[in-house]
Amino acid sequence: MDLSFGAEYEAFAEEVRAFLRKHKNDSISSSLNMAGSGEEAARMKKWQEILVENGYAARTIPSEYGGYGAEPDLLKTVIIDEEFRKAGISRGLSNQGISMFVPTLLQYGTEEQKQAYVGPTIRGDMIWCQGYSEPDAGSDLASLRTSAVLDGDEYVINGQKIWTSTAVEADMMFLLARTDPDAGKHAGISYLIVPMDRTGIEVRPLKTMLGTASFNEVFFEDVRIPRTNIVGEPGQGWEVGRATLVHERNMLGDTSQTENMLKRCVDVLRDYGALESPVFRDRLMRIEARVLAMKYHAMRLLTDRLKQRHPGVAGLITKLNGCQLNHDICALAVDAMGEFGVLKRDSKYVRDEGVWQSQYMFTLGLIIGGGTAQIQRNIIGEIGLGLPREPKGPERTA
Ligand SMILES: Cc1cc2nc3c(=O)[nH]c(=O)nc-3n(C[C@H](O)[C@H](O)[C@H](O)COP(=O)(O)OP(=O)(O)OC[C@H]3O[C@@H](n4cnc5c(N)ncnc54)[C@H](O)[C@@H]3O)c2cc1C
């Protein structure tokens, strides 16, 4: 099996390496942390600008919306990922706005919406949060009850969302709300754009086991937004919202991030003497085998996309496998540190500012976020393997 990309693409890989050499001083190393704050965030925004300008971020987003405007070429995208990973350089900002909302908007949004939101989002000037889950609607998302009722030219929103990541700092939310209570469970939902500074929105932070409030409850009381803030048609929200979920699952199961994590994990094992231990070597070998399998699975999906074949449920395996693997890699690193593995960020003996300890807990959450592992398995079993569908519970009444 020939896994090389051919002469044209080898030349492109050299172009990427030259870019990385030229911008060595502006670039940001790919750390395990997914988000930064203060000075770190400002440096990341600057790096993002350089990446967009040179076509290494927002590469295929049309230039009229602020992207680079390159023709889609999946192999080039893979090569960029590879070269950045090998150099240990960050691929730039990745958040719910850039990775989930923008591709959805490009597919379903109006021209005005694309003009207004894509540019600021890809530059990191506009932060988005995802208003999907509710206290009684998580895995069974279509049970959501937050309502949006038309009143003249405005929707009036009432209800509550929960587990809303980054809602405190977000400028905007993409929201699933029930716009037609008389339509069927899935048919009455619409996908709305909500500025977070509207009167009637209250955000209450929720502290996680990390000790920080990375997600929130969001309450809506008579919140008014223009009726033009709908993406797609009224009642099309389930379809639009599912498109966003596909992008979310791709983001969460990103192979290059897992490979990067494994590379750093091996450094930890080496530094703490764990590579001398047959027990740790055995664990490492098993994880490396799974990472390799994930990489080749990603290449198979890439082939499907290049040949315009629908990957079916193979795409779902990426999120299921990737999120579990990321957590297992962090667990291996923390275990290899022995008693140092329980240190907190402020200890003088802690490694990498405690990032392994915090990622160990954060990655556990990502097995749940974006659709739990159990739900992914149900879908793979029912749609992929043709197993009988599980019995549905009774329909909820209001
Ligand atoms: C880190 C993190 C970030 C998140 N960020 C956001 C966000 O930004 N925006 C947002 O809207 N939501 C967010 N969520 C919420 C997330 O989408 C939900 O937690 C998830 O969909 C599960 O819903 P739930 O918590 O209500 O659990 P439930 O649906 O109540 O499930 C509880 C348990 O039952 C299992 N279960 C439920 N139904 C079935 C079934 N049919 N078969 C087998 N097992 C089942 C589940 O797998 C789970 O283990 C986030 C969650 C996490 C952990």
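The values are calculated or read from the model by the stated rules, or taken from the named source; none is laboratory data. Computed from a predicted structure; not experimentally measured. Virtual Cβ from ideal backbone geometry, glycine too; neighbours counted across all protein chains shown.
A few comments on the model shown:
- Of all residues in the range 4-14, exactly one satisfies the criterion of being modelled with pLDDT of 90 or more and of a type in the set (Ser, Thr, Tyr), namely Tyr9.
- Taking each residue of the range 205-217 that is not assigned by TED's automatic domain parsing to the domain that holds Ser133 and looking for partners that are within 11 Å of the ligand (Cβ to nearest atom) and in a strand (DSSP E or B) with beta-carbon atoms closer than 8 Å, six or more apart or interchain, yields nothing.
- One residue from Ile329, Ile368 being assigned to a loop (DSSP other than H, G, I, E, B) and at pLDDT 90 or above: Ile368
- Top-ranked residue in the range 195-204 [being over 16 Å from Trp128 (Cα atoms) and in contact (Cβ under 8 Å) with a residue 24 or more places away in the chain; ranked as surrounded by the most Cβ atoms within 10 Å (Cβ to Cβ)]: Gly200
- When Arg264 is tested against (1) assigned to a loop (DSSP other than H, G, I, E, B); (2) over 30 Å from Thr104 (Cβ atoms), just one condition goes unmet, and that condition is (1).
- Residues located in the range 335-352, provided they are surrounded by fewer than 15 Cβ atoms within 10 Å (Cβ to Cβ) and in a helix (DSSP H, G or I): Gly338, Glu339, Val342
- Of all residues in the range 380-392, those that are near the ligand (Cβ under 9 Å from one of its atoms) and either within 14 Å of Gly138 (Cβ to Cβ) or in contact (Cβ under 8 Å) with a residue 24 or more places away in the chain (or both) total 0.
A quick yes/no check of all residues on (1) at pLDDT 90 or above; (2) touching a His at 6+ places or on another chain (Cβ under 7 Å); (3) among the β-branched types (Val, Ile, Thr); (4) more than 21 Å from Gly241 (Cβ to Cβ):
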site: Leu320; (1), (2), (3), (4): yes, no, no, no
site: Gly338; (1), (2), (3), (4): yes, no, no, yes
site: Asp352; (1), (2), (3), (4): no, no, no, yes
site: Gly381; (1), (2), (3), (4): yes, no, no, yes
site: Pro394; (1), (2), (3), (4): no, no, no, yes
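- In the set (1) surrounded by fewer than 18 Cβ atoms within 10 Å (Cβ to Cβ); (2) within 30 Å of Leu284 (Cβ to Cβ); (3) not β-branched (Val, Ile, Thr), Pro388 fails one condition alone, (2).
- Set Leu144, Leu206, Leu176, Leu210: member being within 21 Å of Thr110 (Cα to Cα) and not polar (S, T, N, Q): Leu176
- Only one of the listed residues (Leu325, Leu364, Leu332, Leu306) is in contact (Cβ under 8 Å) with a residue 24 or more places away in the chain, surrounded by 15 or more Cβ atoms within 10 Å (Cβ to Cβ) and closer than 30 Å to Leu74 by Cβ. That residue is Leu325.
- Within the range 207-238, considering residues that are within 20 Å of the chain's Cα centre (by Cα) and among the polar types (S, T, N, Q), the one modelled with the highest pLDDT: Asn216
- All conditions but one from (1) more than 17 Å from Gln96 (Cα to Cα); (2) surrounded by 19 or more Cβ atoms within 10 Å (Cβ to Cβ); (3) β-branched (Val, Ile, Thr) apply to Thr110; the one that does not is (2).
- Taking (1) in contact (Cβ under 8 Å) with a residue 60 or more places away in the chain; (2) within 10 Å of the ligand (Cβ to nearest atom) in turn, Arg377 satisfies each apart from (1).
- Residue in the range 282-296 that is assigned to a helix (DSSP H, G or I), out of contact with any His (no Cβ under 9 Å at 6 or more places or on another chain), crowded, with 19+ Cβ neighbours inside 10 Å and acidic (Asp, Glu) present: no
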